[in-house]
Amino acid sequence: MSDRAFFTIHSGLKREGPGGPDSLNAALRVAAPPRNARILDAGCGPGPDIATLLDHAPEGHVMALDLHADFIERVAAAWAGDDRVTARQGDMADPGGPYDLIWSAGAIYQLGITPTLQAWRAALAPGGKVAFTDIAWRRPDPSPEARAFWQSYPAMTDAEGIAAQVRAAGFRLVHQAFVPDSEWEAYYAPLARRVAQLRAEGPDADLAQELDETEREIALWRDHGSDYGYLCCVVVPE
């Protein structure tokens, strides 16, 4: 999807992928960041998880990092005047630090789990942890429709495959749970409304094609969502 189409379709949406406070709270209860934790939200998007992160570190600081200036502008505007949040445009492979917790919702696939964790090791403070979500198969025999859709993501594996990538990076898995269906619905319902709105406005051919793909993605989850999901993991360096 082109950047133009992506930002047109996702304009005004709170999230850029499935997830939410229930799954993040469960991960943070395991990660147990200190009240004054230094936290990196890597690939933060429009910042939907910042408030939940600060709930667990009310005296801490969140560095919201994303490559896209549009997202960073939205985060900066939303948290203007709150010195607990800094919004910075940049590459999550070079995040600075040190951090007591690095959180990444659905963005770790960009570099791959093993190389990303290896890159982040130096950014962790002593005792620091990493939490992330990544797409994974939930069953060994997913439908042909799901396999066809996800063939564009050749690295897709299952929970054990993700655990193996964590171990290959020299980290230990301490929490692993699939994001609940309710958090997929909370993402797709407003996205479907946005697609319908853009349809009614008469999109050009390029945007219409991307709307078709978005509708296909939503329909696939409704029909075959039990085949796959976002897996939320908490890991610590060995």
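A few remarks follow.
- Per residue value of the accessible surface for the stretch 160-238 (all protein chains in place, 1.4 Å probe), Å²: 47
- Separation between Cα centres of the stretch 59-77 and the stretch 103-144, rounded to whole Å: 20
- The label-point distance for Q197 and R121, in a model that sets each label 7 Å from Cα toward Cβ, rounds to 4.5 nm.
- Debye equation applied to the C-alpha atoms of the stretch 60-137, log10 I(q)/I(0) at 0.18, 0.21, 0.23 Å⁻¹: -0.78, -1.02, -1.17
- Solvent-accessible area, 1.4 Å probe, carbon plus sulfur percent, for the chain: 50
- Shown here: the stretch 1-97, whose C-alpha atoms stretch 39, 27, 25 Å along the first, second and third principal axes, sorted largest to smallest.
- Placing +1 on each Lys and Arg Cβ and -1 on each Asp and Glu Cβ, with no other charges, gives the stretch 66-181 a dipole about its Cα centre of roughly 380 debye.
- Nonlocal amide H pairs with Y228, under 5 Å, H built at 1.01 Å: R138
- For the chain, the Cβ-based charge dipole about the Cα centre amounts to some 680 debye (Lys, Arg positive; Asp, Glu negative; other atoms uncharged).
- Taking every C-alpha pair closer than 8 Å and separated by at least 6 residues, the mean separation divided by the residue count of the chain gives a relative contact order of 25 percent.
- DSSP-defined antiparallel bridges as percent of all bridges, the chain, nearest 5: 40
- For the stretch 18-56 versus the stretch 201-238, the gap between their alpha-carbon centres in whole angstrom: 22
- Check: the stretch 1-82 dipole with +1 on Lys, Arg Cβ and -1 on Asp, Glu Cβ, in debye: 120
- Computed over protein heavy atoms with a 1.4 Å probe, the accessible surface of the stretch 40-139 works out to 40 Å² per residue.
- Segment S152-V236, length gained on full extension (0.36 nm per residue, minus Cα span): 27.3 nm
- Positive-pole candidate from A76, T52, L173, dipole of the chain, charges at beta carbon: L173
- Between D82 and D141, the modelled label-to-label distance comes to 4.8 nm, taking each label 7 Å out from Cα in the direction of the beta carbon.
The values are calculated or read from the model by the stated rules, or taken from the named source; none is laboratory data. Bear in mind the structure is a predicted one, so any value in this text is a computation, not a measurement. Here Cβ is always computed from backbone atoms with ideal geometry, including for glycine, and neighbour counts include all displayed protein chains. With ligands, DNA and RNA removed, areas are computed over all heavy atoms of the protein, side chains included. Shrake-Rupley method; radii C 1.70, N 1.55, O 1.52, S 1.80 Å.
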